[in-house]
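Here's the structure we're looking at; comments come further down.
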Amino acid sequence: MAAPILRRGFPGGRWALVWIHGGCRHRNGAPTGPTHGSTRGRSSVAQQSLQTAQKPRKGEHKWETVVGLEVHAQISSNSKLFSGSKVCFAAPPNSLVSFFDASLPGTLPVLNRRCVEAAVMTGLALNCRINKKSLFDRKHYFYADLPAGYQITQQRLPIAAQGSLKYSICTGQRRSQMVTKTVRIKQIQLEQDSGKSLHDDLRCQTLVDLNRAGVGLLEVVLEPDLCCGEEAATVVRELQLILQALGASQANMAEGQLRVDANISVHHPGEPLGVRTEVKNLNSIRFLAKAIDYEIQRQISELENGGEILNETRSFDHKLGCTVPMRDKEGEQDYRFMPEPNLPPLVLYDTSCLPAGADPQQVINIDRIRDSLPELPSVTRDRLVGEYGMLPEHSFVLLNEVGLLEFFQNVMKETRAEPKKVTNWVLNTFLGYLKQQNLAVSESPVTPSALAELLNLLDRKVISSSAAKQVFGELCKAEGKTATQIVSEQRLELMQDREELERLCHATMDEHPQVVMDMKGGNPRAINKLIGLVRRASLSRADPTVIKEILERKLSP
Ligand SMILES: Nc1ncnc2c1ncn2[C@@H]1O[C@H](COP(=O)(O)OP(=O)(O)OP(=O)(O)O)[C@@H](O)[C@H]1O
Ligand SMILES: [Mg+2]
Ligand SMILES: [Mg+2]
């Protein structure tokens, strides 16, 4: 019986699986490979998502639109997939390159355990089947930023396959209805990132930075179940949140940690899928949606004008808002896939089938990873709705803004105010201010404790709602004052003294006899005017409910 052992590769807890006799132990026989078959026999989920395609524009009713995504996520790890070089964004060019990353002869890959664990976590979170045996392959193409002339990937047997991802999308005329849909995951594969080519047009030269070469990537391949830019954008955002919750990837698109290739085709209902084009390397969710919608329109008008769609790769020109063929990817590529001879099969275990005598620290146990999975975004949203009676759409906003959920939860820890009130303040006043100032939650001058203190003052009726807004405005100035200090310095406390309030009402009525006459004459708006006048005289410190009660009593016949 063959048995894998783990070999310590580089310092810092890196291990490689070494296959001694070239066999494999499985509990239930060999796992099946990825579903590379035709995409035509799509499930009812796929059909359903096609049927609910976006509202047709002119001429579009005759067409069904199909979108399939390949999402590349850089794995959060201190070192690269097969070498000990550090992974760091924006380091000086070529400062993080080992001999292996530069493909010097004689160097060998050593698999990074952390990357494997991140892939298993992601597979489990996306309801995939985890393959207990997966294989590495070489995918050949020639480009300056790929020094080996091939990328190590998992083409034949990836680490995870056949999963699904649920996402929610707003529909209806006023987009007030939320519908939950499912997209199937075809497979998740581990692979190396390439380096970066920097084109210096002025000097007509290309510079190569290999810092990124060999960084671990997860390629999540989705089945062609989507139908428009908005659906694709929603799915990618959900995937991004899942990867971040798992800690599998920081998935920051601006830093290139999440890049998407969008495959698009159109066909007539009842006919086979059309020829797909692939828009490569989309690194913003907004551009992803725009590129897809543009490409759908382009393909439809091309076909309606008697043209044909070429199976080509394109890129999105965000300045022009259109897709253009990629010059370097013209023609069909032959990647000459072949097994990677320097890496044994990657073997994973369940608790029930650990190899006899194996050190649990040295084998990768799928059950242990499953047990340590954190709360996933969909579960967090359900919890917010259940625990705080929050509207589902509010739970989406809380999760979508980076750091906002943590902010909300920290406010909740320190306030006795109703969760609904806290949600309103966080989503309207606080988030509204951040948006207006173009600030991230982490840059906010208002801390969760400061907002909690303010909400406590409001809850204890120490201040009125309008005074609370005023205090919030002062907190935003970040002068280091607490809400209580601001309230006392600006004398914003609600007037509690009944006699003082009576006196104020009396004085206001004396000053405005016409309004009093109107009120006595039955003008319903006069009472509000009088309340406003008393409040102004009290510098907004008088409680409107108490004023109303006093005025009504004084003016009742
Ligand atoms: N007719 C189609 N229309 C739209 N999308 C499609 C169609 N057929 C397949 N797809 C999508 O194309 C993608 C194919 O990705 P996959 O990684 O399997 O292969 P590839 O694009 O040929 O290879 P590479 O990884 O080199 O880009 C999948 O997301 C799939 O859903
Ligand atoms: Mg792919
Ligand atoms: Mg592709």
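Using 25 Å as the Cα-Cα cut-off, could you pick out the over-long pairs in K469/K529; K86/K132; K469/K548; K413/K469; K86/K196; K80/K132? Beyond 25 Å between Cα atoms: K86/K132.
The dipole here belongs to region 64-346: it is taken about the Cα centre, uses +1 on the Cβ of Lys and Arg and -1 on the Cβ of Asp and Glu, and is about 1020 debye. Database remark: amide H of I75 closer than 5 angstrom to the amide H of G216, L217, L218 (H placed geometrically; neighbours at sequence offset of 5 or more, or on other chains; Pro and chain starts carry no H).
Highest-first packing order for the peptide set 392-400, 66-74 is 66-74, 392-400, based on the mean count of other beta carbon atoms within 10 Å.
Per-residue Karplus couplings for region 503-520, computed as 6.51 cos²θ - 1.76 cosθ + 1.60 with θ equal to phi - 60°, are listed in order as 4, 5, 4, 4, 4, 5, 4, 5, 6, 10, x, 5, 5, 4, 4, 4, 5, 5 Hz, Gly and Pro entered as x.
Taking θ as phi - 60° and the Karplus parameters 6.51, -1.76 and 1.60, the scalar couplings of region 213-229 work out to 4, x, 5, x, 10, 10, 9, 9, 9, 9, 5, x, 9, 9, 9, 7, x Hz in sequence order, x denoting glycine and proline. Using the Kirkwood radius over Cα pairs, work out the Stokes-Einstein diffusion coefficient for the chain at 37 °C and 0.692 mPa s, in µm²/s as a whole number. Value of D from the Cα-based Kirkwood radius: 118 µm²/s. Ligands, DNA and RNA left out, the accessible area of the chain computed with a 1.4 Å probe is 51% carbon and sulfur.
Residues whose amide H lies under 5 Å from that of T323, counting only those 5 or more places away or on a different chain, are D317; hydrogens are built 1.01 Å from N in the peptide plane. Only one residue of L108, S465, L539 has its Cα farthest out toward the positive end of the dipole of the chain, where Lys and Arg carry +1 and Asp and Glu -1 on Cβ, and that residue is S465. Amide H contacts under 5 Å for A160: N131, I188, restricted to partners 5 or more places along the chain or on a different chain, H placed in the peptide plane at 1.01 Å from N. Packing order of peptides 315-323, 288-296, highest average first: 288-296, 315-323 (average count of other Cβ atoms within 10 Å over each peptide's residues). Between H140, N456, G195, whose Cα lies farthest towards the positive end of the dipole of the chain when Lys and Arg beta carbons carry +1 and Asp and Glu beta carbons carry -1, centred on the Cα centre? Highest projection toward the positive end goes to N456.
Computed on the chain, with alpha-carbon pairs under 8 angstrom and 6+ residues apart, the relative contact order is 13 percent. In terms of packing, defined here as the mean over residues of other Cβ atoms within 10 angstrom, the peptides 176-182, 506-512, 135-141 line up highest first as 135-141, 506-512, 176-182. Relative to the Cα centre, the charge distribution of the chain, modelled as +1 at Lys and Arg Cβ and -1 at Asp and Glu Cβ, gives a dipole magnitude of about 680 debye.
Averaged per residue, what accessible area in Å² does the chain show with a 1.4 Å probe, protein chains only? For the chain, the solvent-accessible area averages 50 Å² per residue. Label-to-label distance, Q496 versus E511, with points set 7 angstrom from Cα along the beta-carbon direction: 2.6 nm.
Charge tally for N456 (other residues, Cβ to Cβ under 14 Å; Lys, Arg +1; Asp, Glu -1): 0. Residue-wise HN-Hα couplings along region 194-205, as the Karplus relation 6.51 cos²θ - 1.76 cosθ + 1.60 with θ = phi - 60° gives them from phi, are 9, x, 10, 9, 10, 8, 9, 5, 4, 9, 6, 9 Hz; Gly and Pro carry x. Within the shell of other residues whose beta carbon sits under 9 angstrom from the beta carbon of A526, the net charge comes to +2, with Lys and Arg scored +1 and Asp and Glu -1.
The values are calculated or read from the model by the stated rules, or taken from the named source; none is laboratory data. Owing to the predicted nature of the structure, the values given are computational and were not obtained by experimental measurement. Reconstructed Cβ throughout: ideal geometry from the backbone, glycine too, with neighbour counts over all protein chains shown. For the accessible areas, the whole protein counts, side chains as well, though only heavy atoms, and no ligand, DNA or RNA atoms are used. Shrake-Rupley method; radii C 1.70, N 1.55, O 1.52, S 1.80 Å.
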